[in-house]
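The structure appears right after this line, and notes come after that.
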């Protein structure tokens with residue numbers, strides 16, 4: 001190789017930063033886990049009455065879905081149920097599989 005020859009590695013496109021992709025995958029997986037938990041929590045609150053001395057009345061019924069979403073997000077923030085970890089692992093596996101299929 002002469003001094004003026006350019007290495008083929010320098011001409012290859014730069015790979016995406018793995019930390020940025022991992023952070024996006026983690027965020028997506030945590031959002032998915034929060035959505036799943038919200039769907040699982042929703043039936044627990046359907047039969048609750050909103051009247052009575054400590055009930056929130058119509059406002060409680062109206063805003064209940066927001067409370068359930070917040071509870072699900074907080075559960076994920078506190079460690080969740082492990083679903084996000086499984087989803088991230090599967091996303092990484094699928095990405096690795098896809099990159100090996102594309103490579104010659």
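A short reminder: the numbers here are calculations on the coordinates, not readings from a lab. Just so it is clear, the structure is predicted and the values come from calculations on it, not from any experiment. Neighbour counts are summed over all protein chains in view; Cβ atoms, including those assigned to glycine, are modelled from backbone coordinates with ideal geometry.
From the Cα gyration tensor of the stretch 39-80, with a ≥ b ≥ c the square roots of its eigenvalues, which class applies: rounded if a/c is under 1.5, or else prolate if a/b is larger than b/c, or else oblate? Write down the numbers at each step before the final one.
Working: a/c = 2.63, a/b = 2.18, b/c = 1.21.
Cα axes put the stretch 39-80 in the prolate bin.
Simple spin-label model, 7 Å along Cα-to-Cβ: residue 39 to residue 90 in nm?
So the two model labels end up 1.1 nm from each other.
Express in nm, to one decimal, how much length is gained between residue 66 and residue 81 on full extension, taking 0.36 nm for each residue of separation and deducting their alpha carbon distance. Walk me through the numbers before you get to the answer.
Numbers: separation 15, 0.36 × 15 = 5.40 nm, distance 2.02 nm.
Full extension from residue 66 to residue 81 adds 3.4 nm.
For a test of the definition: using alpha carbon positions, the gyration tensor, and the 1.5 limit on a/c, classify the stretch 63-104 as rounded, prolate or oblate. Intermediate values should be presented prior to the final figure.
Working: a/c = 6.48, a/b = 3.12, b/c = 2.07.
Judged from the Cα gyration tensor, the stretch 63-104 comes out prolate (a/c at least 1.5, a/b above b/c).
Hey, with R₀ at 25 Å, roughly what FRET efficiency would residue 58 and residue 31 work out to, going by the Cβ-Cβ distance, to 0.05? Present the calculation step by step, with values, prior to reporting the outcome.
On the way: r = 30 Å, r/R0 = 1.19.
That gives a FRET efficiency of 0.25.
Could you give the distance between the Cα centres of the stretch 53-70 and the stretch 75-93, to the whole Å?
Between the Cα centre of the stretch 53-70 and that of the stretch 75-93, the gap is 28 Å.
How would the stretch 29-104 be classified by its alpha-carbon gyration tensor: rounded, prolate or oblate, with rounded meaning a/c under 1.5 and the a/b versus b/c comparison settling the rest? Please report the intermediate quantities before stating the final value.
Details: a/c = 4.69, a/b = 3.80, b/c = 1.23.
Judged from the Cα gyration tensor, the stretch 29-104 comes out prolate (a/c at least 1.5, a/b above b/c).
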